[in-house]
Amino acid sequence: LIAYAAALALGLLTLTLPAAASTLVARLAMTAQLLPALFWIGAAVRLRPGATDVTRPQLAGDAAILAMAAGLLGLGAATDLLVATEDGRLGPTPLYTAIAALLLVALFGAVLTNARRLSAAPERRARGLLLLVLVFFGLSTGLLLLPIPGLFREAAALAVSLDLFLLGGIVAWLDALELGERLRQDMARSLVQAGLPAVVLGGQIGAVIALNTGPQPAMVGLLLAVVATAVALPVAAGPLLTLVERTAAEGNGSDGAEPAALRDVAASALRSPDALTDAMLAPDVFARLTRRALSNLGTLPRLAASPLTRLVLVERRLSERGIRPDTLARARELRLLLRERIDRLKPPGDATFGTTDAWRHYNALYYPYVVGLRPYRRRYPDDLPDEASRQALAWLRQQVPERTLYNWQQAASLLIAQDLRDRELALRRGAPEDGMAHTRRSIP
């Protein structure tokens, strides 16, 4: 997104700048056309089925791609290796063409690899991901191969804007589909929050440009800066307000975290579905939703957006205690329910920690998600709550590979998902509580 937006902004600026500055910005604009294809190679790898965990090799690959992007921009701006002047006009060099061809081949290979891997994925998800990769592969390569002689033409600028719109829409739709969340209300709120200030503030500057000053560099730059700021501020407003509240609360001896959590929960209410649909109760979908809810166990706002807050089991537990089933109450009850299921994975006895096979499912969920251990970070906390947590951290770091822990978490979350799904289906069929005794033994 940043690469597309930067290419669009630089292309617009070249239309108004003096000759010397325009040449430098045009070099950057042409070089920036290479970046979307470069970044989409990484995106295509990340979007393959099963690539939900972020590993150190993936982070190293991200860093390498960012370093390559910075190197390309540096070469394009400071040398004639990528963009050179010929007959008074800027144009791509043979090296630029070779790099573009290499990126196209690599991206095309990533798309084909994704297409083969997606053949085993659920049909709807496969279509969505394949559409995502192929649409933006075509748009990115089309923009890359478009013969733009140093400046963006209006049609190309409009194409980039359409690309941005489709990118945001499809990625948001895929995220909502993956998480089982609603999209329309949250997207409408985001559109108003970002679009209305951009139109109002940018429209005023645009009117001044059209009626008085003309497209001067300073005014065009101001217009781009104001529109970018108006769009970015709603995204940063929450963290900035949280920072202000925490700073103000330091003098009162509190951390000021509660108002931020309440705001996040209110935002999650827009994304939370009205009901847990039959499609969400399919075994594979329910297992995925349970895995996601367990990973968000320590973050109440994220948990509040989970479709599992609409479990009949959650509603009944709240009703039995006379609690009004609002968004925050559902999220807290779901967290309590998941905690109980994790506790039931613990082997019987008085021991608080063990390393045998009987302990692996409990250890894999309890210490990372309940205690909050992050064993594979370079730095880890010294003030752990108890001796069992310190032993678990040392054991995970020294004896359990990262991939092994991930596999244990998958298996343990599947056990919990099966148990919750059995109870939910029994409640929906009207089975009495005693009729679900067999499901209590489904988790060892």
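Each of the peptides 396-407, 31-42 was scored by the mean count of other Cβ atoms within 10 Å over its residues; in descending order, highest first, they stand as 31-42, 396-407.
What separates the Cα centres of region 78-96 and region 404-431 is a distance of 60 Å. A protection proxy built from the mean count of other Cβ atoms within 10 Å ranks the segments 237-246, 339-348, most packed first, as 339-348, 237-246. Residues whose amide H lies under 5 Å from that of Val83, counting only those 5 or more places away or on a different chain, are Thr93; hydrogens are built 1.01 Å from N in the peptide plane.
Each residue of region 83-88 is assigned a 3J(HN,Hα), and the resulting list reads 10, 9, 8, 9, 6, x Hz, derived from the Karplus form 6.51 cos²θ - 1.76 cosθ + 1.60 (θ = phi - 60°), x at Gly and Pro.
Every number in this text was worked out from the coordinates using simple rules, so none of it is lab data. Bear in mind the structure is a predicted one, so any value in this text is a computation, not a measurement. No Cβ is skipped: glycine too gets one built from the backbone with ideal geometry, and neighbour counts run over all protein chains shown.
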